[in-house]
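Beneath this line is the structure, given in structure tokens, with notes to follow.
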Amino acid sequence: MAEQTISKKGSSTAAYLTEEHHMFRESVKKFIEKEIEPNYLKWEEDRMVPREVWKKMGEQGFLCPWVSEEYGGMGVDFAFGVILAEEIAKVGGGLSGFGLHSNVVVPYIDSFGSEEQKARLLPGLVSGDLISAIAMTEPGAGSDLANIKTTAIKDGDHYIVNGQKTFISNGIMSDVVVVAVKTDPQANPPHRGVSLIIVEEGMKGFSRGRKLDKVGMHAQDTAELIFEDVRVPVSNLLGEEGKGFVYLMQKLQQERVMTCIGAIAAAEDMLDITLNYVKEREAFGKPIGKFQNTQFKLAEIATQVTLGRTFVDSLISRHMNGENIVTEVSMAKWWITDMARRISSECMQLHGGYGYMEEYKIARRYRDIAVTPIFAGSNEIMKTIIAKNLGL
């Protein structure tokens, strides 16, 4: 029978979790079992998670639960977002749009938005009626955010936005897009000219380009965004003009923590499904888990995954305490995503020929995990940050 199971192991048991957190995890699991697991492979084929699923998530309080009650959230701590990210990640990488929305994009609006912006947008973002995206990467600028080319030039009480963004997660579905722009293209140094502006669905001149055909994460819609003389009200400026680069740097720590959470959850799942497989699959008259090579390989993988989980749980606690962990989270981001990508190949090998079949989950893990060392800042950039903070 084709292996279609979803791992139930690998949840964090960190000290920061309370009984309330565990109850929330159980409610998330029940929702996933009912609404997501039976449909996930269909969404992978369709290359899209239906909008009604976002609304169901919102109805259950699973989107942006940390947002204050004033704006429709539950006003709870960051750990609730961690739990949601872990449970969603166990199903597959194609569901990463929920975590991006809840724990990466919406925090920009909550932290830097005006009262008018928050009152107008946050309730819809919490309910799932509005889907968000963040547009930083351009065809000619990835990690080099200071040198983006998309401009927003002031014209009376509007900005005129021109440019193109690419690799934008939630790009097709998004109603609210936080866009990194140059409000002062001549600024020196260049990063001082970067601002963040909110572009909304329906603004004239704002369009979607291709829905990109990725190697993995198929259910996650990813697109090009095009801005052609888009008139955006000055009131849609997020925070202060020229502070965009600073805002991005402030929030990248949390984005990279979330990347680590997704990668370690995937690694735990790969270990889990491979352990189950090698206990059942037989060769030469015995389970392949009885061969020393298999035992040694899985012992190595289990050790790496356990070290990764310990590191991630420590960083989550420190992030919740408001500590500056830029160096450590850069270490975790490169090491854990690199480890997860490496063990995906090793676990696929232990599945033999079946591991190369799409109907087996390890094949989907193999293609999905490949991008994690690239996004949220490439692992080469992580090493550059680490070296700089070591005084090199």
* May I ask you to verify whether G163 is assigned to a strand (DSSP E or B) and at positive phi? => yes
* What residue, among those in region 348-361 that are crowded, with 16+ Cβ neighbours inside 10 Å and farther than 18 Å from E282 by Cβ, is farthest from the chain's Cα centre (by Cα)? -> M348
* For region 368-387, what are the residues that are surrounded by fewer than 18 Cβ atoms within 10 Å (Cβ to Cβ), among the polar types (S, T, N, Q) and touching a residue at least 60 places away in the same chain (Cβ under 8 Å)? -> S378
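Mind listing whichever residues of region 69-100 are among the hydrophobic types (A, V, I, L, M, F, W, C), part of a helix (DSSP H, G or I) and over 18 Å from Y16 (Cα atoms)?
Our first condition is that a residue be among the hydrophobic types (A, V, I, L, M, F, W, C); within region 69-100, this holds for 74, 76, 78-80, 82-85, 88-89, 91, 95, 98, 100.
With the extra rule that they be part of a helix (DSSP H, G or I), the set shrinks to 78-80, 82-85, 88-89, 91, 95, 98, 100.
Within region 69-100, I88, A89, V91, L95, F98, L100 qualify.
From the residues in region 304-328 that are of a type in the set (G, A, S) and part of a helix (DSSP H, G or I), which one is surrounded by the most Cβ atoms within 10 Å (Cβ to Cβ)?
If we filter region 304-328 for residues that are of a type in the set (G, A, S), which is where we start, we get 308, 314, 317, 322.
Imposing the further condition that a residue be part of a helix (DSSP H, G or I) reduces the set to 308, 314, 317.
Working: G308: 22, S314: 15, S317: 15.
Among those residues, the one meeting the criterion is G308.
So that you can scan it fast, the table gives a plain yes or no per residue for (1) surrounded by fewer than 20 Cβ atoms within 10 Å (Cβ to Cβ); (2) of a type outside the set (G, A, S); (3) farther than 30 Å from I325 by Cα:
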| site | (1), (2), (3) |
| --- | --- |
| R208 | yes, yes, yes |
| A223 | no, no, yes |
| P233 | yes, yes, yes |
| A263 | no, no, no |
| A266 | no, no, no |
* Filter result for I131 (surrounded by 23 or more Cβ atoms within 10 Å (Cβ to Cβ), of a type outside the set (D, E, K, R) and touching a helix residue (DSSP H, G or I) at 6+ places or on another chain (Cβ under 7 Å)) -> yes
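Among L225, L248, which is among the aliphatic types (A, V, I, L, M), out of contact with any Pro (no Cβ under 9 Å at 6 or more places or on another chain), within 30 Å of D368 (Cβ to Cβ) and assigned to a helix (DSSP H, G or I)? Before you say what the answer is, go through the steps one by one.
Working: L225 fails: assigned to a helix (DSSP H, G or I).
When all the criteria are applied, what remains is L248.
Sort through G10, G81, G58 and tell me the only one that's outside the structural domain of T222 (by TED's automatic domain parsing) and modelled with pLDDT of 95 or more. Break it down stepwise before answering.
Working: G10 fails: modelled with pLDDT of 95 or more; G81 fails: modelled with pLDDT of 95 or more.
Only one candidate qualifies: G58.
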* Structure fact -> All conditions in (1) in contact with a Cys (Cβ under 9 Å, 6 or more places away or on another chain); (2) among the small types (G, A, S); (3) over 30 Å from E358 (Cα atoms) are true of A79 except (1)
* Do we find that G352 is in contact (Cβ under 8 Å) with a residue 24 or more places away in the chain, small (G, A, S) and more than 18 Å from G262 (Cβ to Cβ) in this structure? -> yes
* Structure fact -> Taking region 34-47 and keeping only residues that are surrounded by 13 or more Cβ atoms within 10 Å (Cβ to Cβ) and either of a type in the set (A, V, I, L, M) or more than 21 Å from the chain's Cα centre (by Cα) (or both), one is left with I36, L41
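Does M348 satisfy being assigned to a helix (DSSP H, G or I), more than 15 Å from T274 (Cα to Cα) and touching a Lys or Arg at 6+ places or on another chain (Cβ under 9 Å)? Talk me through it step by step, then tell me what you get.
Details: assigned to a helix (DSSP H, G or I): yes; more than 15 Å from T274 (Cα to Cα): no; touching a Lys or Arg at 6+ places or on another chain (Cβ under 9 Å): yes.
For M348, the condition - assigned to a helix (DSSP H, G or I), more than 15 Å from T274 (Cα to Cα) and touching a Lys or Arg at 6+ places or on another chain (Cβ under 9 Å) - is not met.
The values are calculated or read from the model by the stated rules, or taken from the named source; none is laboratory data. Because the structure is a prediction, the values reported are computed rather than measured. Reconstructed Cβ throughout: ideal geometry from the backbone, glycine too, with neighbour counts over all protein chains shown.
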